[in-house]
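First comes the structure, then the notes that go with it.
The values are calculated or read from the model by the stated rules, or taken from the named source; none is laboratory data. Predicted, not measured: the structure shown is a model, and the values here were computed from it. Using ideal geometry, Cβ is built from the backbone for each residue, glycine included, and neighbour counts are taken over all protein chains shown.
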């Protein structure tokens, strides 16, 4: 009878513990560190049974603690795996540069015109071999405004500090298709030092055409879809995030002249109203190219906005009142390139069928007349003696319905450019010289530059931007803005 009671007691205790273990929230088996209780003989004394019950109670407590530990451990392991998966899924590579750009005017007064410090960062990675991304941005701070009163308050507000999101997009590739969504640059031309077929993106011209073209172009929000099959390539772009040229405010180094007759000083200018972001205002274009026996030929069409406003004007009591506005325009173009005996020959031609020109005719009610025009460029690249990299380009503009009242224009305007560069001392030292001439005015821009790599990451450069010529052309108009400059760049 006593044995039956003992057995019943053991059975009830075991049943209760098993039930509590099953009902416990998120129950988990004990780990190897815990010692299971020893089942005693049926004839064991009651005092020993009580000790066993105490051990069973302690075991239950330890089991509950162990369950919590296992839950936390599982959560940490899960987070670690998710982090590792995220690294594999979106591993990002960070690169960038720190740069100081300084400039001083070449002619009296020898004012310091730039002490700009820039940080430029890029991040790139891939979610999969077919799904990639790129992010970039820069911050500029020009301390020349802290040490000099060379500029007015308007210029300081416009150029002292700037935080800018640059190219930022995602790429998806599948078979012959490549899709890019985001803020991007679309480059259809390859001219050296000049913009001809490079017609898609607006330009930051606050320093004329002197900065790197990568930073002159203003990235725009939109989509690009490319199809490549063998030697054939086609591209469709839709850019609803339209941008417009940035030009210097009055008082800056490179303020562009207004279309005013000589000796006319009283004038007013209203601020143009830029079209808003939206699909109704999108830039829409397409380009196709084909490689035929080494000849790469292409053609493109772009329906866009005038990147700079049309300078409509009225005259009241001798005062010229300008009301600039942006207009839609169509652009057609063709390009080609071909290597012949180590000479790379290339050309670009762009047709604007409905361009608008300012006229020097006080009787014209809005100061604007329309005419189509063609810009074209022919160039050749060659490396002489495996050392001297030479580029030569000839340019011309033909205004089809030219009139003598067109301001600062001729029916045919010719230009020429020459670029020479060479590396020295195992590519540590690089010398460059670029000359651009417009023969109508005439006017010239000379750009000598010497760069030296102090380390693999640190490079310094000194150079000059020299303008000269007749003031009726832009090169001559900016002749007093000639400057010496230095650059110190650290890349990482």
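Please enumerate the residues belonging to region 281-295 that are outside any strand (DSSP E or B) and touching a residue at least 24 places away in the same chain (Cβ under 8 Å). Give the derivation first.
Of the residues in region 281-295, the ones outside any strand (DSSP E or B) are 281-282, 293-294.
Within region 281-295, 281, 282, 294 qualify.
Regarding residue 219, is this residue at pLDDT below 95, in the same structural domain as residue 392 (by TED's automatic domain parsing) and within 25 Å of residue 324 (Cα to Cα)?
Values: at pLDDT below 95: no; in the same structural domain as residue 392 (by TED's automatic domain parsing): yes; within 25 Å of residue 324 (Cα to Cα): yes.
No.
Working only within region 180-190, note down all residues that are in contact (Cβ under 8 Å) with a residue 40 or more places away in the chain and within 21 Å of residue 290 (Cβ to Cβ).
186, 188, 189, 190
Looking at (1) assigned to a strand (DSSP E or B); (2) within 20 Å of residue 248 (Cβ to Cβ), which one does residue 475 not meet, given that it meets all the others?
(1)
From the list 386, 391, 360, 330, which one is modelled with pLDDT under 95 and either touching a helix residue (DSSP H, G or I) at 6+ places or on another chain (Cβ under 9 Å) or within 30 Å of residue 291 (Cβ to Cβ) (or both)? Break it down into steps so the answer makes sense when it comes.
Details: 391 fails: modelled with pLDDT under 95; 360 fails: either touching a helix residue (DSSP H, G or I) at 6+ places or on another chain (Cβ under 9 Å) or within 30 Å of residue 291 (Cβ to Cβ) (or both); 330 fails: modelled with pLDDT under 95.
One residue alone meets the criteria, 386.
Every residue in region 276-304 that is out of contact with any strand residue (DSSP E or B) (no Cβ under 6 Å at 6 or more places or on another chain), surrounded by 13 or more Cβ atoms within 10 Å (Cβ to Cβ) and closer than 16 Å to residue 202 by Cα, please.
281
Can you confirm whether region 249-266 contains a residue that is in contact with a strand residue (DSSP E or B) (Cβ under 8 Å, 6 or more places away or on another chain), part of a strand (DSSP E or B) and farther than 23 Å from residue 475 by Cβ? Quick ask: steps written out before the conclusion?
First, pick out the residues of region 249-266 that are in contact with a strand residue (DSSP E or B) (Cβ under 8 Å, 6 or more places away or on another chain): 253, 258-260, 264, 266.
From the residues that got through so far, the ones that are part of a strand (DSSP E or B) too are none.
No, region 249-266 has no match at all.
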